[in-house]
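> Questions regarding the structure given below will be posed in turn.
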Amino acid sequence: MNDAVRAPLPRQPQPIPLAQAGAARPLIDAFQRRITYLRLSVTDRCDLRCSYCMPERMRFLPKKEVLSLEELYALATGFIARGVTKIRITGGEPLVRRDIIDLFSALGRRLGHDLAELTLTTNGTQLATHAEALAKAGVRRVNVSLDTRDRAKFAALTRRDSLPQVLEGIAAAKAAGLKVKLNVVALKGVNQDELPDLIAWGHSQGHDVTLIEVMPLGDVEQERLDQYLPLDEVRRSLEACWTLKDIAYATGGPARYVEIAETGGRLGFITPHTGNFCSGCNRLRVTATGQLYPCLGRGERVDLRAALRSEAPEANLAAALDEALRIKPEKHHFRMDARGAAPAVARHMSMTGG
Ligand code: SAM
Ligand code: SF4
């Protein structure tokens, strides 16, 4: 292994000013989309087993295949040098990874210099323990997944009885000054009837809420078509009782937002099926083993771990990123219209990171 990735996480990096970051060789793909957003998975492991995400007996990767925290940091800085200004740490469940706060702290020291935002997607089970430390590291916003507030339903859906910890985690994040967005996967016949209550509760707590259409990623023991609830249908049913106004608000992700007059809150819709958003895609995703997937819904990948562990990591990483830009497809081709269809890709969402 080379020195760059053996070095301990730096306490005082010397980042370049934001305006200059990536100016030399920005990440622009073949469709002229500029990549400024990295979703970095730090583990494929998780303490829940959401039935739309993974099977009960999920097989996780051997730990030796996963990048060290030092390698994850070196990788992130390689992206920052090419103009990435926003990093979301994801997984699996990022907060189950030991010492993960050290990575947040190291990356957090670049905020205000060559990094504009550092965020996290979490299931919330460990948030009560880590919320203060995340805020101290410079995290300002977190996405917390919450598909139901019904304890029995939560236990059935995630196969773990952890709703109290998650609600405690959300409260702790708010108390630590973090802006919380609730991610809700809309599931036919599971949380369909609860969506208005969940949205109203989120808004009453001051949280934005985003609804997500389920995607056919990996085998999950259940028929995908039975889980799928199109969000155009959900929107129509919400409009029967509430006033929804489209707004230009954007957070750098694919959600399109409305404001709900009656709750006073914002609601996002992530619609890979009923409203393709690929033309505005500004992100790349890297797994915990350093595999870069230019598209969530496709199989093409570039091995950044090999580049990172080579004798010339900087040059090889730069070449690997150029290759990723070259092969980044125009759009995904998810299909959600056939019973018994194979997943669009074999890897689960917990592998690529959400
Ligand atoms: N464990 C963390 C969590 O649940 O927030 C982070 C990783 S999780 C893979 C990221 C997001 O992906 C979550 O909001 C989750 O609900 C969503 N997700 C997982 N599998 C999905 C699928 N097949 N389709 C759509 N969203 C999915
Ligand atoms: Fe774990 Fe997140 Fe997947 Fe649920 S959605 S099983 S919390 S990785």
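> For segment 109-125, give me each residue that is within 18 Å of the chain's Cα centre (by Cα) and surrounded by fewer than 20 Cβ atoms within 10 Å (Cβ to Cβ).
Within segment 109-125, ALA116, GLU117 qualify.
> So how many residues does segment 76-99 have that are of a type outside the set (A, V, I, L, M) and assigned to a helix (DSSP H, G or I)? Quick ask: steps written out before the conclusion?
Filtering segment 76-99 down to residues of a type outside the set (A, V, I, L, M) leaves 77-79, 82-83, 85-86, 88, 90-94, 97-99.
Subset that is assigned to a helix (DSSP H, G or I): 77-79, 94.
Selection size over segment 76-99: 4.
> Select, from ALA346, ALA318, ALA324, the only residue that is in contact (Cβ under 8 Å) with a residue 40 or more places away in the chain and within 16 Å of ligand 1 (Cβ to nearest atom).
Values: ALA318 fails: within 16 Å of ligand 1 (Cβ to nearest atom); ALA324 fails: within 16 Å of ligand 1 (Cβ to nearest atom).
Result of the check over ALA346, ALA318, ALA324: ALA346.
> For segment 53-70: of the residues being crowded, with 22+ Cβ neighbours inside 10 Å and farther than 15 Å from VAL220 by Cβ, which is nearest to ligand 1 (Cβ to nearest atom)?
Initial filter on segment 53-70 (crowded, with 22+ Cβ neighbours inside 10 Å): 53-54, 66-67.
If we keep only those that are farther than 15 Å from VAL220 by Cβ too, we end up with 66-67.
Working: VAL66: 15, LEU67: 17 Å.
Here the answer is VAL66.
> Do we find a residue being near ligand 2 (Cβ under 9 Å from one of its atoms) and closer than 29 Å to GLY280 by Cα anywhere in segment 55-74? Let's see the steps before the verdict.
Kept after step one, since they are near ligand 2 (Cβ under 9 Å from one of its atoms), are these residues of segment 55-74: 58.
Applying the additional criterion that residues be closer than 29 Å to GLY280 by Cα yields none.
Among the residues of segment 55-74, not one is near ligand 2 (Cβ under 9 Å from one of its atoms) and closer than 29 Å to GLY280 by Cα, which makes the answer no.
> If you don't mind, there's one more thing I want to ask. Which condition number does PRO8 fail, the rest of (1) of a type outside the set (Lys, Arg); (2) surrounded by fewer than 22 Cβ atoms within 10 Å (Cβ to Cβ); (3) within 16 Å of ligand 1 (Cβ to nearest atom); (4) touching a residue at least 40 places away in the same chain (Cβ under 8 Å) being met?
Going through the list (1) of a type outside the set (Lys, Arg); (2) surrounded by fewer than 22 Cβ atoms within 10 Å (Cβ to Cβ); (3) within 16 Å of ligand 1 (Cβ to nearest atom); (4) touching a residue at least 40 places away in the same chain (Cβ under 8 Å), PRO8 breaks only (3).
> Also: Say we look at segment 17-52 and pick out the residues that are β-branched (Val, Ile, Thr) and within 22 Å of GLU323 (Cα to Cα); which of these is surrounded by the most Cβ atoms within 10 Å (Cβ to Cβ)? Before you say what the answer is, go through the steps one by one.
In the first step, residues of segment 17-52 are kept if they are β-branched (Val, Ile, Thr); the result is 28, 35-36, 42-43.
Then drop every residue that is not within 22 Å of GLU323 (Cα to Cα), which leaves 28, 35-36.
On the way: ILE28: 13, ILE35: 23, THR36: 20.
Among those residues, the one meeting the criterion is ILE35.
> Okay, next question. Take the residues of segment 161-202 that are away from ligand 1 (no atom under 12 Å from the Cβ) and charged (D, E, K, R): which is nearest to GLY253 (Cα to Cα)?
Per the criteria, the residue is LYS179.
> Have a look at LEU111, LEU9, LEU107 and point out the one that is out of contact with any Ser or Thr (no Cβ under 7 Å at 6 or more places or on another chain), closer than 20 Å to LEU317 by Cα and modelled with pLDDT of 95 or more. Even if it seems obvious, please write down each step before you answer.
Values: LEU111 fails: closer than 20 Å to LEU317 by Cα; LEU9 fails: modelled with pLDDT of 95 or more.
Criteria check complete, one pass: LEU107.
Results for (1) in contact with a strand residue (DSSP E or B) (Cβ under 9 Å, 6 or more places away or on another chain); (2) within 16 Å of ligand 1 (Cβ to nearest atom); (3) hydrophobic (A, V, I, L, M, F, W, C), shown as yes or no for each residue.
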position	(1), (2), (3)
PRO15	yes, no, no
ALA30	no, no, yes
VAL42	yes, yes, yes
ARG49	no, yes, no
ILE80	yes, no, yes
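> Right, next: Could you please give the count of residues in segment 199-215 that are crowded, with 19+ Cβ neighbours inside 10 Å, more than 16 Å from ligand 2 (Cβ to nearest atom) and of a type in the set (A, V, I, L, M, F, W, C)?
To start, the set of residues in segment 199-215 that are crowded, with 19+ Cβ neighbours inside 10 Å comprises 199, 202-203, 207-215.
Filter once more, keeping what is more than 16 Å from ligand 2 (Cβ to nearest atom): 199, 202-203, 207-209.
Then drop every residue that is not of a type in the set (A, V, I, L, M, F, W, C), which leaves 199, 209.
Number of matching residues: 2.
> Of the conditions (1) more than 15 Å from ARG283 (Cβ to Cβ); (2) outside any loop (DSSP other than H, G, I, E, B); (3) within 16 Å of ligand 2 (Cβ to nearest atom); (4) among the β-branched types (Val, Ile, Thr), THR43 fails just one. Which one is it?
Here THR43 clears every test but (2).
> Could you check ALA133 against (1) part of a loop (DSSP other than H, G, I, E, B); (2) away from ligand 1 (no atom under 16 Å from the Cβ); (3) out of contact with any Leu (no Cβ under 8 Å at 6 or more places or on another chain) and say which number it fails?
(1)
> Further question on the same structure: Could you identify the single residue in THR274, THR251 that is in contact with a helix residue (DSSP H, G or I) (Cβ under 6 Å, 6 or more places away or on another chain), closer than 23 Å to THR121 by Cβ, away from ligand 2 (no atom under 16 Å from the Cβ) and β-branched (Val, Ile, Thr)? Spell out how you get there, then give the answer.
Details: THR251 fails: in contact with a helix residue (DSSP H, G or I) (Cβ under 6 Å, 6 or more places away or on another chain).
Just one listed residue meets the conditions, THR274.
> Only residues that are modelled with pLDDT of 95 or more, within 18 Å of TRP201 (Cβ to Cβ) and out of contact with any Leu (no Cβ under 7 Å at 6 or more places or on another chain): list them for segment 232-241, please.
SER237
The values are calculated or read from the model by the stated rules, or taken from the named source; none is laboratory data. None of these values were measured; they are calculated from a predicted model. Reconstructed Cβ throughout: ideal geometry from the backbone, glycine too, with neighbour counts over all protein chains shown.
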